[in-house]
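Undergrad: First, the structure itself, so that you have it in front of you.
The values are calculated or read from the model by the stated rules, or taken from the named source; none is laboratory data. Note that this is a predicted model, so its numbers are computed, not measured. No Cβ is skipped: glycine too gets one built from the backbone with ideal geometry, and neighbour counts run over all protein chains shown. Keep in mind that these areas ignore ligands, DNA and RNA; they rest on the heavy atoms of the full protein, side chains included. Shrake-Rupley method; radii C 1.70, N 1.55, O 1.52, S 1.80 Å.
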Amino acid sequence: MISKPIWVLGAGQLGAMLKHAGMPLALDVRPVDINESTAPALRADDLVTAEREQWPDTLVTHTLAQHSNFVNKSVFGRLADRKTQKELIDSLGLSTAPWRNVANDINANELRDQLGERVLLKRRTGGYDGKGQHWIRTQDDQVPADWQGYAIAEQAIGFDEEISLIGVRNRAGECVFYPLTLNLHLNGILYASVAPLARLESLQKQAETMLGKLLNALDYVGVMAMECFRVGDQLMINELAPRVHNSGHWTQAGASISQFEYHLRAVADMAIPKAQILGHNVMINLIGTEYNAQWRSLPVAQTYWYGKEVLPGRKVGHINLVSKGAQDIRETLQQLQSLLPEQYYREAIDWSLKALENIE
C-alpha cells in the first residue's frame, strides 16, 4: 500500500499527533512549519489539511492553502472569524449566546442595554486560551477604541457546565461522534476533561443533531469540535473548531480510534467505524510546568510531552488516564496531585475527582 502524502499546515503538537496517528495506517503525514524558508514540493494529487484554523500569509501557508486538494479550504476562514461563525450558527437556527457586532463606534452602554449587565468582547480573529477577550461589567468599562470593527460582543451566559462534542464526517456524509466530554477551564485555558459520563447521555442526541447540522451544512470532511454551555437540559454553542481539539485528547488512550486517526481516515477516504470507548477517561493538560519523570511511573496514565519551551500559560503536554475502574483513576489523580504545582492543579484534580464521584 502506497499512500499519497497528507500535508499538514502547521507543525505544532496537533500536527505531531496527526503524524503519529498516521503511522499505523501507513499514511505519509507531513506537518510543515509555517515559517519554513522554502515551500514544500506538492504534487497535484497530494492532500492538504491543517492543525489550525487561521494562519499568517507566508511562503508555506500560501503554497498549502492554494492547493486544489486543501480539504475544507472554504471552511477555515468562515469559522476562524467569530462574526461569520456566529452568523452561520444563527442561520441554521442553533442556540448560541446573543451577540452583536462591535462596529460603528458602538459603546459599552449600548452593548449592555442590548445584551445585559455583563458583556464579553471577543476579537473576531485570533485569541485563544483566554486571550483576545475584554469584559464589560461596570459603568467604567469601555470598548477599546482599536476593537471597533474587529470584535463581537456576547451576552455573558450563566451556564451550569462546559461540554464539548467531537465528531467526524467523511465525503459520503457519514458522521460519527464520541460521547460528550465535560471540561474545566481556568483563566480561559482548558485544564481537565472527563469522558464519558452517564449523566450526560441525555444530552448526546441534542448535541449530535447540532454538530451534525453544522458538518452537513459545510460539507465538512474530518474532525470538528463543538464547545457548548450546558444551561439546564439545553446546550448552547460557545465556539467551533474545524480541526482536532484539545478536549478530544482523551481519545488517544481512551478509544479504539482516536480523534487524530479519525481525521486522517476521513481525509484519506478510509472507513470511519464507530470507536469503542475503552473505559473511564480523564485528561489533564500540562500548562507552563516543567517536565517531571515521575509522571511516567503513574498507573493507568499516559504522558504526552510536546518538547516545547516551558512558558507561563503555555500548553506543553497532557496526561491521559484511562481505566475500566474509576477507582484506579481516582487513585492515580491523587498521586498526580503531589507531582504538579498547587496553583490551578489542585482545583483541576479536585474537579476531576468530583466528576467521578459515585462511579465504579
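Undergrad: Against the conditions (1) assigned to a loop (DSSP other than H, G, I, E, B); (2) in contact with a helix residue (DSSP H, G or I) (Cβ under 6 Å, 6 or more places away or on another chain), where does ILE349 fall short? Just the number, please.
TA: (1)
Undergrad: Right, something else. Just for segment 59-85: of the residues that are assigned to a loop (DSSP other than H, G, I, E, B) and touching an Asp or Glu at 6+ places or on another chain (Cβ under 8 Å), which one is most open to solvent (accessible area, probe 1.4 Å)?
TA: ASN69
Undergrad: Turning to a different aspect of this structure: Of the numbered conditions (1) over 30 Å from LYS213 (Cα atoms); (2) exposed (fewer than 15 other Cβ atoms within 10 Å of the Cβ), ARG112 fails exactly one; give the number of that condition.
TA: Going through (1) over 30 Å from LYS213 (Cα atoms); (2) exposed (fewer than 15 other Cβ atoms within 10 Å of the Cβ) one by one, ARG112 breaks only (2).
Undergrad: Given the options LEU88, LEU94, LEU111, name the one that is over 30 Å from PRO5 (Cα atoms) and not in a helix (DSSP H, G or I).
TA: Answer to the selection: LEU94.
Undergrad: Right, here's the next one. Against the conditions (1) within 25 Å of the chain's Cα centre (by Cα); (2) within 21 Å of GLY279 (Cβ to Cβ), where does GLN334 fall short? Just the number, please.
TA: If we test GLN334 against (1) within 25 Å of the chain's Cα centre (by Cα); (2) within 21 Å of GLY279 (Cβ to Cβ), just (1) comes out false.
Undergrad: In addition: Do any residues in segment 250-270 that are over 15 Å from GLU51 (Cα atoms) and aliphatic (A, V, I, L, M) have Cβ atoms under 8 Å from those of residues that are open to solvent by 20 Å² or more (accessible area, probe 1.4 Å) and outside any loop (DSSP other than H, G, I, E, B), where the two are at least six apart or on different chains, and which pairs are they?
TA: Note: pairs meeting the criteria are ALA253/GLN302; ALA253/VAL322; ALA255/ILE277; ILE257/ARG265; ALA268/LEU47.
Undergrad: A follow-up question, please. Which pairs do you get when a residue that is on the phi < 0 side of the Ramachandran plot and polar (S, T, N, Q), found in segment 202-213, comes within reach of a residue that is open to solvent by 60 Å² or more (accessible area, probe 1.4 Å) and outside any helix (DSSP H, G or I), reach meaning Cβ atoms under 9 angstrom, with the pair 6+ apart or on two chains?
TA: Close Cβ pairs satisfying both conditions: SER202/ASP233; GLN206/ASP233; GLN206/GLN234.
Undergrad: Give me the pairs: first residue in segment 1-24 and within 21 Å of VAL60 (Cβ to Cβ), second residue among the hydroxyl-bearing types (Ser, Thr, Tyr) and not in a strand (DSSP E or B), beta-carbon distance under 7 Å, and six or more apart or on different chains, which are they?
TA: Close Cβ pairs satisfying both conditions: LEU9/THR61; GLN13/TYR306.
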